[in-house]
Each structure stands twice: as C-alpha cells, then as structure tokens.
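Novice: Pasting a structure here, questions to come.
Quick note: the coordinates plus some simple rules give every number you see, no bench work behind them. What you see is a predicted model; the values in this text were computed from it and never measured. All Cβ positions, glycine included, derive from the backbone under ideal geometry; neighbour counts span all protein chains shown.
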Amino acid sequence: MVRTRFAPSPTGFVHIGSLRTALFSFLFARHHGGQHVLRVEDTDQNRLVEGALENLVHVMNQMGIEFDEGFYVTDDGSIKERGGHGPYLQSKRLEIYQKYAKQLMDEGKAYYCFCSEERLEELRKEQTALKKPPMYDRHCKKLSADEIKSKIEEFSAKGGSASGGKSAGKRPVIRFAIPNEGQTVIHDLIYGDITYENKVLDDQVIIKSDGFPTYHLAVVVDDHLMEITHVIRGEEWLPSTPKHILIYQALGWQPTQFAHLPLILNPDKSKLSKRQGDVAVEDFLKKGYLKEALINFVAFLGWNPKTEQEIFSLNDLIAQFDLAKINKSGAVFDLNKLDWINGQYIKLKTDAALAELLKPYWQEYGTKTEKFSGAFLTAIAALEKERLKKLSEIGERTAYFFKAPDYAPELLVWKKSDKEKTKSVLSDLLELFKNLPEADYAKEKLELAIKKFIVDKNYDNGSVLWPFRVAITGLEKSPGPFEAAAVLALGLGKTEILQRIETAIKKLS
RNA sequence: GGCGCUAUCGUCUAAUGGUUAGGACAAGUGGUUUUCAUCCACUAAAUCGGGGUUCGAUUCCCCGUAGCGCUACCA
C-alpha cells in the first residue's frame, strides 16, 4: 500500500511550492490507490504563527487536495484530526522523539553536546577563515562519562536563567554521530543514485535544548511510524537526505523511497520567494485565479504528460501522473502562462456558474449584487467570459452596468467621424429607440434594427456603432454595443438606454 | 570555501544516436471587427563551451563554464 505525506511547517500561508509538493504527493498516492497523510511540522517554537494550521488545512481543502489521515475541515468549518497514526502535530509527539533519541544515545549513536552558541559561532568563523567547510568539531563526543555528568549538573544549575543568552538553556542538545567513513547512497526516484561521502556530513543536532526535535529526527521517526512508503519533497532537501538515511539505519529501520522535486524559480532563477512577488496560494485565490487553473498550472511545473494536451482536471492528473515524467531542472513560475490557463478555465465555466464566482468580486468593488437579478448578472458574466483573465477584474470592467458611466465627450467621436455628425447620429438613434418595441431589445433583434437603421440612413458602421457603444459603456474598450445594450436593457430597462443616449447628446452640446 | 543538482526558443517543455529540433505561453505581422477580447493564418525565436565514443551526437562519457540548492539548537 502506497502511503505518502505532505508535511509542511505552519508558516501562516501556503507557498506555491508547497502546493505543488502537496499536489504531487496526493496525485502519486491516488494514482496508486494509496493513502495521503497530512502531518504538521511545528517543531520550531520560535516560528509559531497563530491560526496557521487552520489556514493550511482550509487552503488544502479549498484546492481539493485530500488527506486520509491528519487534519481535515468538518462540515461546520472547524478543523479536526483523524487517522490511526496520530498525533499528526509534531509538537504533540515529543515523548516519541525523546524515546528514539535516548535509544540512539544508549547505543552510542548520538551524544550530548554542551557547546555554547558562541563557541559554535567562533568555530564556524575560524573554519570559514581557513576556507574549510564549517562543521561541528565533535568536541563533546570525546567527553568522558564524568565530564558529562558534571556538565549536566552545571546545566541544570543554570536552569532557565536568561544570563547566558539563548544557548544557556536548561538542557544540552543531542547530536547524531555520523560515521566518519563510508558512503551513503540515495536512490532517488527522480534524480537517480546520488552518492555522498559520510565524512562531509555534519553531526546534526537531533534534539534541541528546548527538548524539541529538529526536522532531521522528527521526519525520520514520523515517516517510519506513520508507515510512509514514499517521501515526495522539494529538491532543497536532497543534501540532508543522506543524514536521514543514516538515522534510519541507526534506528534499524528501512528508509522510505525518496522523490525530490525540482525547485520552482523566480524569474531570476533563484528559489521562488516572497520577495519577488506573490507566492501565497491564498493571494492567488483572492486575485481571482480559479483553483482548477492553479492546480493545472502548478502541475505543469516540472511535470508534463508528454502529449500536447494542456488542460487537465484533477482527475485527469491522477490518471496520468507518473514520477518518471518529472524532470530534474527547476522551472520558472511564469505568470503569463498562469493568466492564460486561468482564462481557459473561465471560458469553461457556464455563465451562471461564472456569475456566482464573480459575486464576491463585485461586492468587493462596491456593487450590491443582491439588488440585481440573477439573469442580469449571468448575462454580464457571459459578456465578460472571453475577456477575463482574473475574476478580480470584473468590478472595474462592468461598473457601467450598475451605474451610468462618466466619460469625456470626445470619446464619443469615432476616429473617422466628427462631433456634429456624431451628435446627429445619436439624435437619430434616440428616435429609433423611442419607437422600438420592448421585445426588440433582445440582442439579435436589436442588431437587426440598428443595422437596418444604418443602411436606411446611409451611415457607416463606425460612426453609429462607436458612439452608441460609448454612450452605453463609457469605455474605450468594451464588449460590443448590441450585447451590452441588450444586457443593460435586461437589467435596468429600456429607459436606461434612452437616458444614456440623451446624456451622450448633452455631452456633445 | 565544501558538497550536491541542473543545463533545448524570453518562459514552460517535446523529441531522437540520423528530424526542416515539435507544441504551448509571451512577442510580432496579417485577416475578421465600431473598440477590446475571442477566433483564424503567418513570422521570429533554442540544443552553454571544449574534448572524446561513433559512420553520425542535441542525445552517451569526461572536462570546463554558468546557474541554483544545501552548508543552523529553521524547516
């Protein structure tokens, strides 16, 4: 049984890279009929963020990434935990890590380290100055039993006193003793076999002085205990993987399989970061990117089905997903392509569904959607469907439907026409509309009537259609005049059209 | 500095030991059109460099170069 997990630390927002990692681990699990676990890695007490867990679970839920174990959103919107391998919050598993750390100590595979932060810093400085790799010098590994005993007493005497800075905590740290010889080989499902010399590996701290484990211990213990079969994570973890394998071996366990994902990059090719634009999934959602588009786009960063199909639903992805089709080089996060995919998904929506999605964005813009009929909103959605790249654009683009537009009089004059002609065209048009029966305000009838009007009056299209459209929309760029007018009549009645034409004539006077 | 990874159009990528190196986004041009968008057609745009192996290498190997990642009591 394949079991994968997504194991983020709760930072307060969901990074786009995390989304892809979660997506791939979900796709892999589902593709193989396996299970997907959500475990939260909150072992850094200095970086706790209020509400981060809730936010994380809600975003995952919203994106349609499911977890069989871990945390989930209940019907009433609260967060609950489930599954037989819990707890799924690392801060609630402290005794477990302690137990295995002790086991390693007892077997001589780990040791207490009493070195102060200052000493460590000094050491690093010296090593760097000598152009040597900064590594722990294993000073405390050589301590005798008596020395250890007295050091421990000294440490507890200090208690939690603030005197010695952060490093003078209550307890020493525990370091994992890396073997000085030999090699460790990673069999990565994406990168292939990678060999590391053990001697270049540092003696990692596995239990911090506050009693919390570091990532390296916690990840190994939890993945083992939670019966994870495949660890799918970002490429930034590749260099610490040999340490993890060594810990597995020290504990007498079989390592999981590993699949490291290529990084997602900023336009300058550095690791995608907050500094260079939005990286929070929440922000993209807020801007009006559809979850389907986000999923589709992110799936194509580093993976592709090797066909020419570009649009994939989550189910398509599950069916097609294959680790062997993931490539090894990092991928730049290209907003242009995201916009395009988003536009594609917007076009795929029905008019009514799109209108529904648009409501919050109209509200945000200040439009009281409850005052207008569903048919009206749907008709507007239909008009904008092929123009919209992001839902958040809707407010500004369609403001004229809800409130008479304001615009400069010159905008009414078509480039091949002039002010006087425009004025008389609009006056003629006003007459036409005054006599137009209500039933003829439907788009097709309206179009027929106006086209006939143009022929009868011997006008040309531009000198009629341009000012008419501007009178209705007040915009230089907008949907066509017939559909805009028809939708406007549907929502606000035919008199609104007469009024807007009258306003236009006045503007030219 | 050490260790590791990577390298095809601007971007995401496909392909093969032999192809006119393909597609998509973006860009540009033209068509449709009152404007915008859509749509259609077209154009420009790439195998990092040097050595091998081979009849032949963009593909396999080595070296170099570049970029990135890691190098914490952060994950």
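Novice: Isolated Cys in chain A by the 4.7 Å beta carbon test?
Specialist: A:C115
Novice: For region A:264-280, just list the computed ³J(HN,Hα) in residue order, Karplus coefficients 6.51, -1.76 and 1.60, θ = phi - 60°, integers in Hz, with x standing in for Gly and Pro.
Specialist: With the stated coefficients, region A:264-280 comes to 9, 10, 5, x, 8, 6, 7, 4, 3, 9, 4, 4, 9, x, 6, 10, 7 Hz.
Novice: Along the charge dipole of chain A, Cβ charges K/R +1 and D/E -1, which of A:V57, A:S329, A:A250 sits furthest on the positive end?
Specialist: So the residue we want is A:S329.
Novice: Based on Cβ point charges of +1 for Lys and Arg and -1 for Asp and Glu, what charge dipole magnitude is obtained for region A:355-509 about its Cα centre, in debye rounded to the nearest 20? Display every interim value, and only then the final one.
Specialist: Working: 26 positive and 23 negative charges, 38 e Å.
Taking the Cα centre of region A:355-509 as origin, the dipole is about 180 debye.
Novice: Tally the DSSP beta bridges in chain A and give the antiparallel ones as a percent, rounded to 5.
Specialist: Details: 20 of 35 bridges.
Close to 55 percent.
Novice: Please arrange A:L53, A:L48 by counting, for each residue, the other beta carbons lying within 10 Å of its beta carbon, fewest first. Intermediate results must be reported in sequence, preceding the final value.
Specialist: Details: A:L53 18, A:L48 14.
Ordered from fewest to most neighbouring Cβ atoms within 10 Å, A:L53, A:L48 come out as A:L48, A:L53.
Novice: Taking all pairs of distinct Cα atoms, average 1/r, flip it, and tell me the Kirkwood hydrodynamic radius of region A:12-121 in Å to one decimal place.
Specialist: Numbers: mean 1/r = 0.0608 Å⁻¹.
Taking every pair of different Cα atoms in region A:12-121, averaging 1/r and inverting gives 16.5 Å.
Novice: Taking +1 at the Cβ of each Lys and Arg and -1 at the Cβ of each Asp and Glu, which of A:L388, A:S373, A:F482 sits farthest along the dipole of region A:366-484 towards its positive end, judged by Cα position relative to the Cα centre?
Specialist: Selected residue: A:L388.
Novice: May I ask you to sort A:K443, A:K328 by Cβ crowding, counting other Cβ atoms within 10 Å and putting the fewest first? Before the final figure, lay out the partial values.
Specialist: Numbers: A:K443 17, A:K328 13.
Listed from fewest to most nearby Cβ atoms, that is A:K328, A:K443.
Novice: Which pairs break 27 Å Cα to Cα here: A:K274/A:K368; A:K287/A:K371; A:K328/A:K390?
Specialist: On the way: A:K274/A:K368 34 Å; A:K287/A:K371 24 Å; A:K328/A:K390 31 Å.
Those over the limit are A:K274/A:K368; A:K328/A:K390.
Novice: Moving on. Taking the Cβ of each residue in A:R93, A:R47 as the centre, tally the other Cβ atoms inside 10 Å and list the residues starting with the fewest.
Specialist: Details: A:R93 20, A:R47 12.
Going from least to most buried by this count: A:R47, A:R93.
Novice: So how far, in whole Å, is the C-alpha centre of region A:204-273 from the one of region A:455-504?
Specialist: Here the answer is 63 Å between Cα centres.
Novice: Could you work out how far apart the two model spin labels at A:A129 and A:Q309 are, taking each label as a point 7 Å from the Cα in the direction of the beta carbon, and quote it in nm?
Specialist: In this crude label model, A:A129 to A:Q309 measures out at 6.2 nm.
Novice: Give me the angle, in degrees from 0 to 90, between the Cα long axis of helix A:351-365 and the longest principal axis of the Cα atoms of chain A, rounded to the nearest 10.
Specialist: 80 degrees
Novice: Counting each DSSP H run of 4 or more residues in chain A as -39500 (n - 2.57), what helix-only mean residue ellipticity at 222 nm follows after dividing by all residues, to the nearest 500 deg cm²/dmol?
Specialist: Rounded to the nearest 500, the figure is -14000 deg cm²/dmol.
Novice: Please report, to one decimal in angstroms, the Kirkwood hydrodynamic radius of chain A built from all distinct Cα-Cα pairs.
Specialist: Numbers: mean 1/r = 0.0362 Å⁻¹.
Radius from the Kirkwood sum: 27.6 Å.
Novice: Using the Cα atoms as the points, what is the convex hull volume per residue of region A:94-215 in Å³?
Specialist: Values: hull volume 17.6 nm³, N = 122.
Per-residue hull volume (Cα only) is 144 Å³.
Novice: Run the dipole for chain A about the Cα centre, Lys and Arg Cβ at +1, Asp and Glu Cβ at -1, nothing else charged, and hand back the magnitude in debye, nearest 20.
Specialist: On the way: 71 positive and 71 negative charges, 157 e Å.
About 760 debye.
Novice: Give me the distance between the Cα centres of region A:349-411 and region A:91-108, rounded to whole Å.
Specialist: Comparing the Cα centres of region A:349-411 and region A:91-108, I get a distance of 59 Å.
Novice: Moving to a separate point now. Kirkwood Rh over alpha-carbon pairs of region A:404-509, then Stokes-Einstein at 4 °C and 1.567 mPa s: what D in µm² s⁻¹, rounded to an integer? Could the numbers behind the result be given before it?
Specialist: Values: Rh = 13.4 Å.
Estimated diffusion coefficient is 97 µm²/s.
Novice: Please give the helix A:16-31 orientation as an angle from the longest Cα principal axis of chain A, in degrees from 0 to 90, rounded to the nearest 10.
Specialist: The answer is roughly 80 degrees.
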